[in-house]
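One structure is given below, encoded as structure tokens.
Just so it is clear, none of the values below were taken in a lab; they were calculated from the coordinates. Note that the structure is predicted; figures quoted are calculated from it, not measured. Don't worry about glycine lacking a Cβ; one is built from the backbone with ideal geometry, like all the others, and counts go over all protein chains shown.
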Amino acid sequence: YSSCRELVQHVVFLTAHDKSEGAMEWRHNVSYRTILLLRVTMGTIEFKNTNSKPWDVPELNDEEKRDIESVLLHCEKNADTSVSNSALSHLSHGNRQLIDEAYRAPIVLAYNLRREIVKWRQGGMMKKPFRHVNEELEILDFVTQFSNAYHGLRILANTPFPFPLVQMGRTFLAFWVFTLPFALCSAQYELIGLLWCIFFITYGFVGLEYVSTELDDPFGDDATDFDDLGMAETVYEDIYIAIYKADGDTAAYQLRERIAWRKGKGGALHNYRMDYMDSVHSRDSYSYS
């Protein structure tokens, strides 16, 4: 989350002196790609619980989805054919499952974001580019920080806890809790006191076991899971504020609408209308007069 905030704020701060339409368009596109990267990453870490492809999130349009799907190596086979649905399956070193491709999606979008950041080099976008090459490198470094954090989450989500340890721990816990009343019944204590003592000890140890089970996979849509999408949306808002500071309310609102349109899309006719509005938006949205 912090990498996305810092990336957009540095983009805005280091190029705020350039108020040309090309610079505003570049800031808009970098911010938009940053939001897409964060959103797809949230979909990726929830994949094991939702089984929803990260590139099917509503914030991505059809062109962006095809861009991700074009570089996937997953081979889906059916009963009649073994032909891969991926043009790049011949580059794979082994059989790749859908979960492997789900974790590859943010890597593809990180590449797209880096490409968008250096796109100004093609000329015709910014009239007053970066004053020093280190400024651009610093912005690119935030993408690297994001990728490092993502790989840390990937390790956390996919490193299995040793099953024999879990099995033996639960076995000994159940045995100890079950035999505890027999050990205490021979002591010279009041019956009511023993009952309360056994109840609280059992409640405490079984509760700790439940907590450890929940912490083993904190990502998903359960009530006890992290609200990662909600926290991501607060980052969206921080990005809108950064764009507002540099380019004004119209630019910030257009960025928000570009995301909100996709979140609220519905049937085929509505999707076609949104795609048409996106094409118009890409041509005309940077006339802020």
Distribution of pairwise C-alpha distances over segment 158-213, 5 Å bins, in %: 4, 17, 23, 20, 13, 10, 7, 4, 2, 1
Peptides ranked, highest mean first, by Cβ atoms within 10 Å: ranges 132-138, 103-109, 39-45, 57-63: 39-45, 103-109, 57-63, 132-138
Segment 23-76 - Rg (one decimal) and Dmax (whole number), Cα, Å: 12.8, 42
